[in-house]
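First up is the structure itself, then whatever we jot down about it.
The values are calculated or read from the model by the stated rules, or taken from the named source; none is laboratory data. As the structure is a computational prediction, the values presented were derived from the model and not from experiment. Using ideal geometry, Cβ is built from the backbone for each residue, glycine included, and neighbour counts are taken over all protein chains shown. Side chains included, ligands, DNA and RNA excluded: accessible areas come from the protein's heavy atoms. Shrake-Rupley method; radii C 1.70, N 1.55, O 1.52, S 1.80 Å.
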Amino acid sequence: MGSKLEQSTAVAQENGDVPSLLVTDGAARSTSVPGLATSAWTIEDSEELYRINGWGEPYFSINAAGHVTVSPKADRGGSLDLFELVNALKQRNLELPLLIRFSDILEDRIERLNACFAKAIARYSYAGTYQGVFPVKCNQHRHLVEDLVRFGKPHQFGLEAGSKPELLIALSLLDTPGALLICNGYKDREYIETAMLAQRLGKLSIIVLEQVEEVPLVIAASRKLKIEPIVGVRAKLSSKGVGRWGCSTGDRAKFGLTIPEILDAVEQLREAGLLHCLQLLHFHIGSQISAISVIKDAIREASQIYVQLAKLGADMRYLDVGGGLGVDYDGSKTNFHASKNYNMQNYANDIVAEVKEACEGQAITVPTLISESGRAIASHQSVLIFDVLGISEVPTETPDPVQSGDHLIVRNLYETYQSISEENYQEAYHDATQFKEEAISLFAFGYLSLRDRAKAERLYWACCRKIQQIVRQQDYVPDDLEDLEKIMASIYYINLSVFQSVPDSWAIDQLFPIMPIHRLDEEPTERATLADLTCDSDGKIDQFIDLRDVKSVLELHPLKPGEPYYLGLFLGGAYQEIMGNLHNLFGDTNAIHIKLTPKGYAIEHVVKGDTMTEVLSYVQYNSEDLVENIRKQTEQALQDHRITLQESQLLLSNYERSLSRYTYLTHEYP
Ligand SMILES: *Cc1c(COP(=O)(O)O)cnc(C)c1O
């Protein structure tokens, strides 16, 4: 760890963007001058708490200054202080929330996947090769797909399209000789003809039949264009997937051909004299497969189908194992849905070994192996940074002693508060809860004043806090007190729309690692849930990664007056960007592409987030018309003396300026 820290400081210093104070602070900490530290909390405590080594390896870690660092080239050297990077970007007027993409991470992911298959192929003396493709649906952004094609060149890495617009992207961008262009998804005549004509441009396009109806379309297009296509077939496996996407497989799955349908397709192709065009078998058992046994079962079944197709006379050459390669979001290395109980090498080994065994047993030439790993390639490359706008806490003050005139219920609560001890805390909790409920019903029937109700509520929270302190010291938490942390949690208001930036957190309760990117050498004393900017009670995050299962509160730091507090959401580079929506008209965030350079880093691209004019135009408002309306209304108000000239100028200039600005909040720290 030591050498990595030195390196990160060196890179940061060279970069010249770092306020010297912070570097000194880091240096002072790493030599650990006794008596300087204000608490016993260390960055190792933060590492353990946020599990960054589990999910962050080898890209994310914490440096001596207590900041998250990014090593975009993994163990090949060079790292950036994420907190300093965010500050430097803010100085360039790039406002939060910010999506930071590290193209080096993307490159590293492709290298890793190819290296794992190369190793497996060598280990099992597999006579075929591996040629992966990236499923464009996972992240369609142009700079990212361009990078993928470029980084994939040495490995003849291709693209997979799942729709017509994605086919247009893949067709235009994929220029690697010999790389595969896999055409999946539902197809019409135009899609099929375009995919076939791509052969004339020298592309290795493969049309994968997903529906029986596509078979005659392919045959007809082939006759019309006089092109012999490469055809694949997607099988509905009977092996069951597991978890969230488990139902993408099985006989009733949405996609693919059943075994009788595959046989039917074979016969149709044979009759048309095109059976030799059938060269690929594809399956996809779902995304984020957390158990390796499920992958093995699927490969075993698919390998047999492959062998049988070859025996039926198809000129089989490719086996496409689809996606599903998981990401360890919680770093637990288990078959929990936010994790996976295998690594990339295990995955490659199992595929290579299973396919080899099935083919060799039947004297069939082994296929070129294809995988369509999206999540495993695109997740790590981006980090979403957002700030905290404010906090809502349960009351913290010590209650005043009761007075003679106080209501009985208030006096009961005060007595409970005073009596709380390690011996009776559980009982006291029940008493306090009951008294509080009584206070509320007394109030509802008019027997309690507003002032007494306020006292009762304050006392209730004081009891809870006192009990919470005791519970935190205990090794064992009684069941009925488990919710206490959740009840007592603060709400941190974040400058973000969950619907726009983390849709899967809202839609399918997917977990992503979230943590502060600075102050990690300080103990996070608050327990919080996160609430976003939208006026929607679902716009929140209240499930966080944990070693076991999930936790309902996240440990965070209290805000410091005048200082921003930055949180990072990690591993969200797959699916989140495109599935986000414009709820409350919060638009795309700013996206910045960063590349490591010998001197620090370079900003390769800045993709500005939506302005208000842009999001308004998505719902058919014209900003000029809007301004004109406001101008007319102000004019009328001026004539009626309802507004001063000065006020009207301020209103109009604010209105016009807002239109050209970011949809998120700009928080100014004095
Ligand atoms: C979504 C999808 C993928 C990508 O799956 P990941 O789990 O993200 O790797 C691959 N192939 C097909 C057919 C898909 O629909």
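Packing-based ranking of 343-352, 266-275 yields 343-352, 266-275, ordered from highest to lowest mean Cβ neighbour count within 10 Å. When all C-alpha to C-alpha distances in region 35-171 are sorted into bins of 5 Å, what percent of pairs does each bin hold, rounded to whole numbers? Calculated over all Cα pairs of region 35-171, the distribution is 2, 8, 13, 14, 16, 15, 13, 9, 4, 3, 2, 1, 0 percent.
Kirkwood hydrodynamic radius of region 48-107 from all distinct Cα pairs, in Å?
Details: mean 1/r = 0.0806 Å⁻¹.
Kirkwood radius, region 48-107: 12.4 Å.
Just need log10 I(q)/I(0) for region 419-470 at q = 0.14, 0.21, 0.27, 0.29 Å⁻¹, Debye formula, equal scatterers on the alpha-carbon atoms, no solvent, rounded to two decimals. Log-scaled intensity ratios, in q order: -0.37, -0.70, -0.95, -1.03. Note on region 132-273: semi-axes of the ellipsoid equivalent to its C-alpha gyration tensor, largest first and rounded to whole Å, are 25, 22, 12.
Binning the C-alpha pair distances of the chain at 10 Å intervals from 0 yields a P(r) profile of 3, 13, 20, 20, 18, 14, 8, 4, 1, 0 %, listed from the shortest bin outward.
Between the residues 611, 114, 262, the greatest Cα displacement towards the positive end of the dipole of the chain, with unit charges on the Cβ of Lys, Arg, Asp and Glu, is found for 262. Size of region 415-552 from its Cα atoms: along the principal axes, largest to smallest, the extents are 47, 39, 27 Å.
Histogrammed with a bin width of 10 Å, the alpha carbon distances of region 515-653 distribute as 8, 22, 27, 23, 14, 5, 1 percent, first bin at zero.
Length available on full extension from residue 270 to residue 418: 0.36 nm per residue minus the Cα-Cα distance, which gives 44.6 nm. Model label points for residue 397 and residue 153, set 7 angstrom from Cα along the Cα-to-Cβ axis, are 6.8 nm apart. Computed from label points 7 Å out along Cα-Cβ, the spacing between residue 654 and residue 408 is 5.3 nm. With both labels modelled 7 Å from their Cα along Cα-to-Cβ, the residue 595 to residue 621 distance reads 3.9 nm. Here the 3J(HN,Hα) profile of region 168-178, calculated from phi with Karplus coefficients 6.51, -1.76 and 1.60 at θ = phi - 60°, is 4, 5, 4, 4, 6, 8, 7, 10, 7, x, x Hz, Gly and Pro shown as x. Residues in the chain average 45 Å² of solvent-accessible surface per residue, probe 1.4 Å, ligands and nucleic acids excluded.
Converting phi to 3J(HN,Hα) with the Karplus coefficients 6.51, -1.76 and 1.60 and the offset θ = phi - 60°, region 276-285 yields 5, 6, 6, 10, 10, 10, 10, 8, 8, 9 Hz in sequence order, with x at every glycine or proline.
For region 357-496, the fraction of alpha-carbon pairs lying more than 25 Å apart is 52 percent, rounded to a whole number. Note on the chain: with neighbouring protein chains present and a 1.4 Å probe, carbon and sulfur make up 51 percent of its accessible heavy-atom surface. Just the number, please: Stokes-Einstein D of region 324-413 in µm²/s, Kirkwood Rh from C-alpha pairs, 25 °C, 0.890 mPa s. After rounding, the answer is 126 µm²/s.
The distance linking region 163-220 with region 609-649 is 48 Å (Cα centroid to Cα centroid, whole angstrom).
Helix 214-225: angle to the longest alpha-carbon principal axis of the chain, degrees 0 to 90, nearest 10? Tilt of helix 214-225: around 60 degrees. Sorted on the mean count of surrounding Cβ atoms within 10 Å across their residues, most packed first, peptides 651-660, 579-588 read 579-588, 651-660.
Arrange the peptides 285-296, 603-614 so that the one whose residues have, on average, the most other Cβ atoms within 10 Å appears first. Intermediate values should be presented prior to the final figure.
Working: 285-296: 21.6, 603-614: 16.7.
Packing proxy ranking, top to bottom: 285-296, 603-614.
Listed values for region 627-638 are Karplus-derived 3J(HN,Hα) couplings in whole Hz (6.51 cos²θ - 1.76 cosθ + 1.60, θ = phi - 60°), namely 4, 4, 4, 5, 4, 5, 5, 5, 4, 4, 4, 5, and x replaces Gly and Pro. Seen against the Cα atoms of the chain and their longest principal axis, helix 2-15 is set at about 90 degrees. Within the chain, DSSP assigns beta bridges of which about 50% are antiparallel (rounded to the nearest 5). Helix 292-311 and the longest principal axis of the Cα set of the chain meet at an angle near 20°.
Tell me, in nm to one decimal, what length is gained between residue 304 and residue 122 on full extension, where the rule is 0.36 nm per residue of separation less the Cα-Cα distance? Could you put the intermediate results ahead of the total?
Numbers: separation 182, 0.36 × 182 = 65.52 nm, distance 2.27 nm.
Contour length minus the Cα-Cα distance gives 63.2 nm.
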